[in-house]
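Comments concern the structure below.
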Amino acid sequence: MLKEYIEERECRRLNEEFRENLESYRNRSQEQSDKQWLQELILRRCRHISREQAEKEAEEIIKSLEICEKNLASIEDEGRKGISKEKWLENRLQEAAIGMSAAQYSRFLQQADAILYEQNKEMAEALSRSSDGHIMMNPNLDGNIAEHMLGRTVELQGYLQGKDITVDVRGANTANSVDVRVKDVNKGVETVHNYQMKFGKDAKATIRLIEDGNYNNQRIVVPSEQLKEVQEYFSAKGSQKTISDHIEINGISGKSFTKEEMKELQRKAQDEGVMPALDDYYYSTKEYALSVGKNAGVTALQMAAVTTGIDVVSKICKGEEIKPDELVENALKSGADAGVKAVASGTLYTAAKNGIIPSLKKFSAGKITNIAFVGVENAKVLFKMAEGKLSTVKAMDQMGKNTVSMIGGMGCMALAKGVAAGLSLGGPVGAGISLVAGMVGYAAGSSVGEKVYSAVKSVAKTAKEVGKKVWNAIESVAKPFKRGLRGISKIFA
């Protein structure tokens, strides 16, 4: 959907401004800093922005570029130690959260992790008596809540660890019926465990509930604070019952809960209409960060497969003899790209604020800078690939690192503001990255631009093929979460 991001007429204007800005930067006074040049550029291009605001925006662009450079250097350094880019992202987000409480940080990551959507929806449906959305007023509703919370936590743990675990909360009320059935399929072998939830008001009440039924073919789950007393009671009787405070299958464990925790959820549901949600209360920050990191890997492939921007740049430059810009040419060949990144960031920012790229108009200066940074870095990667210095696979890996470094930067900025939406990535971001890569490539001359264009097409083809496989692997163990992840798969349709 090209028109949604940038049209040919807009791209032509943007490309012209980029080349004009390159010349302006090259001819600036030696005493003028990058920040001062950016401030003057913003004032010149955006008449509606005050000098004070221009200074603030220029400062944010410079600061964001510094963070981008630091993040990418950190990913490279960790990679040499055998640490994956996804693990780097997890560590980076946790470092940025220093000073936040664990609950605050978990809430932040929870907002960024849409896979919980389907589970929360399922919980709401299970607790509603009909389509009018009212909450069941059963005094023992905490038992129903426990079945879902215990079951769903092991299901999510399975997803996080790449296991195909499914949970069936049966909702049956007949005597001795199974409450929860858990299945794990590993290499074609299916393991099934049946669970019975017994949440009495105290350990003695729970023991009576267990003794009143016949649960020989089921594992028993009890409140965590009652576990020791219940286990000791049945152990003294020589019972072989499996009694725990959580659901577990093939080494994958869900969370445990107290009776009071379940009662509090019941109270909120019945008195306040607040549906229980699988939120920060039940998952550690590490687990959320792991999930965000896994999805970042797929996002990196998605970005590598987006060619929207460079397609338009190639079209408007076709047949045009472009004299190489020394600044850009040197950046691609030697890596000395600080000036090009400042120009690309300033050009993209002013174009966005002037409505030349409507899809980026509401983006902050920091986020626009992240896009420009990755675009320039990708152009460097593609140029190396075109010269035979990098294979397609290695080029994809490097572009993946570039993308994850951007996610880390955006995530840390979002953490500072406490708004997880800052992590969001979509078509406009990918189009913006490929647009900058195309402008930079062609600014180095017609032949270089064509080489970069051919390289990006090769990378995109491979990225789509690999992306499908990675997505299918995630989807196969995350069936309950398809809706939450649907955006990632669109590019591979």
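Per-structure values
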quantity: Which listed pairs, of 394/464; 341/361; 401/464; 56/380; 367/389, have C-alpha distances above 22 Å, in listed order; calculated: 56/380; 367/389
quantity: Shape category assigned to the range 136-274 from the gyration tensor of Cα positions, a/c cut at 1.5; calculated: oblate
quantity: Sorted peptide list for 247-254, 449-456, 375-382, criterion being average Cβ within 10 angstrom, highest first; calculated: 375-382, 449-456, 247-254
quantity: Point-to-point label distance, residue 170-residue 253, nm (Cα→Cβ direction, 7 Å offset); calculated: 2.6 nm
quantity: FRET E, pair residue 7, residue 205, Förster distance 56 Å, beta-carbon r, rounded to 0.05; calculated: 0.20
quantity: Stretch gain in nm, segment residue 217-residue 264, where the contour uses 0.36 nm per residue and the Cα spacing is subtracted; calculated: 13.8 nm
quantity: Footprinting exposure proxy for 246, 48 (fewest neighbouring C-beta atoms within 10 Å first); calculated: 48, 246
quantity: Taking 405, 256, 74 and counting other C-beta atoms within 10 Å, the order from fewest to most; calculated: 74, 256, 405
quantity: Ranked 52, 147, 10, criterion: other C-beta atoms within 10 Å, fewest first; calculated: 52, 10, 147
quantity: FRET efficiency, residue 235 to residue 69 (Cβ-Cβ, R0 51 Å, nearest 0.05); calculated: 0.25
quantity: Full-extension gain in nm, residue 190 to residue 59, via 0.36 nm per residue minus C-alpha separation; calculated: 41.4 nm
quantity: 16 Å Cα-Cα reach of residue 362 towards aspartates and glutamates, excluding residues that sit fewer than 8 places from it in its own chain; calculated: 4, 57, 60
quantity: Calculated FRET efficiency for the pair residue 466/residue 30, C-beta based, R₀ 60 Å, to 0.05; calculated: 0.85
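Each reported figure results from applying straightforward, stated rules to the coordinates on display, with no laboratory input. Keep in mind that what you see is a predicted model, and the values were worked out from it rather than measured. Note that we place each Cβ from the backbone using ideal geometry, even for glycine, and neighbour counts take in every protein chain shown.
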